[in-house]
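Taken together, the values in this text are just the output of simple stated rules run on the coordinates, not laboratory data. Please read all numbers here as calculations on a predicted model, not as lab measurements. Cβ sites come from the backbone with ideal geometry, for glycine too, and all protein chains shown count toward neighbours.
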Amino acid sequence: MQAQVQSSLPESRIVIRSISTDFSRQHRNYWFFGNPYLTHLVNALSFQFPSGEDMFVKSVNRYKGQIQDKDLKRAIGAFTGQELLHSHVHQEFNEWIASKVPDAKIYCEKIEAAALRRYERDMRIKPILSLAATVALEHMTAIFAASLLRKPHLIESIDPEVRPLLVWHAIEEIEHKDVAFDVYQAIGGSYALRALSMIFATLVLAGQTLFYQFKMLRKDKQVFNIKAALQFLKLTWGRNGYFTSVIGDYLSYFSPRFHPSQTDDRALVDEWSKKLEDMTYVRVTGRV
């Protein structure tokens, strides 16, 4: 028996876009606020996107045959289209980072190998573990995306060649934030596994990100750049900081009654979709 699915999908708009990027024109190593701490934090996150999003697609599509709701099936297709494009463009971005950052290619390879090991382990033990991890990570990417779009001063500080990538990715993470969750509900995933998976996913994501951020800072001899470190802490953990402002949304995930659609970000998506078209060429290839 399938679980009741609370979903906003009939009212949702998931748009598959391709964007024009040219990272070869980007020359500053510290492209985010001119700050090495902030730049290498996002670099470390980007290293994890290609393998992570491939895993998300596999984990969700594994259950597509069990989904009866036609709207949700179409949303899975749009989710897949968006995530595969994200993976591809972040791979290009990571190659640009590797041209500037010593050992970045090695870091990406290690992250990819670790992600594959976790996915294969989940497949051996119980495949729903991978879907539960996907649901948790999709929630985190959606709230991080919304936090970025609510802070124009941060977006304006991103170098113009990189800015469209992060805005585009943020928009689409918000658009498809319901999909993995609704699939998990539809196949009868439990609350306990969902909550435990968020704890584990948070530890893995935070641990990997901080580990590779530190390695890049050390390579650049920026670990003891106190001015940059204090600016980074203010922007991320200060009042209305990037991470501070998502604490409530993060904790809401642990409510048994949580659903991603409880936060309506459609006006934010509409606003930044228009701004994205002013930043770069955007081609729509599909929508739900």
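Here are some notes:
- For region 65-128: rounded, prolate or oblate by the Cα gyration tensor [a/c cutoff 1.5]: oblate
- Cα centroid separation, region 82-144 to region 260-288 (Å): 23 Å
- Relative to the current alpha-carbon distance between residue 252 and residue 156, full extension at 0.36 nm per residue lengthens the span by 31.6 nm.
- The ranking of 217, 116 from fewest to most other beta carbons within 10 Å of each one's beta carbon is 116, 217.
- By average C-beta atoms within 10 angstrom, highest first, the peptides 51-61, 167-177, 28-38: 167-177, 51-61, 28-38
- Whole-number percent relative contact order across the chain, with pairs defined as alpha carbons under 8 Å at least 6 apart: 36 percent
- For the residue pairs 105/234; 105/126; 105/221, the alpha carbons lie more than 26 Å apart in 105/234; 105/126.
- Greater than 25 Å apart at Cα, pairs in 151/177; 58/275; 58/110: 58/275
- With a Förster radius of 41 Å applied to the beta-carbon distance between residue 211 and residue 68, the computed FRET efficiency rounds to 0.45.
- Environment charge of residue 57, counting only residues whose C-beta is closer than 14 Å and scoring Lys/Arg +1, Asp/Glu -1: -3
- Helix 36-61 axis, angle to the chain major axis (alpha carbon atoms, nearest 10°): 20 degrees
- In this calculation the C-beta distance from residue 221 to residue 281 is compared with R0 = 35 Å, giving a FRET efficiency of 0.40.
- Local net charge near residue 156, Cβ-Cβ under 12 Å (Lys/Arg +1, Asp/Glu -1): +2
- Overall form of region 138-288: oblate. Here a/c, set by the Cα gyration tensor axes a ≥ b ≥ c, is 1.5 or more, and a/b is not larger than b/c.
- Cα-based shape type of region 11-125, given that a ≥ b ≥ c are square roots of the gyration tensor eigenvalues and the cut on a/c is 1.5: oblate
- Peptide packing for 274-286, 150-162 was compared via the average number of neighbouring C-beta atoms within 10 Å per residue; ordered from the highest value, the list is 150-162, 274-286.
- The chain: most fluctuating residue of 178, 265, 220 per GNM, C-alpha cutoff 10 Å: 220
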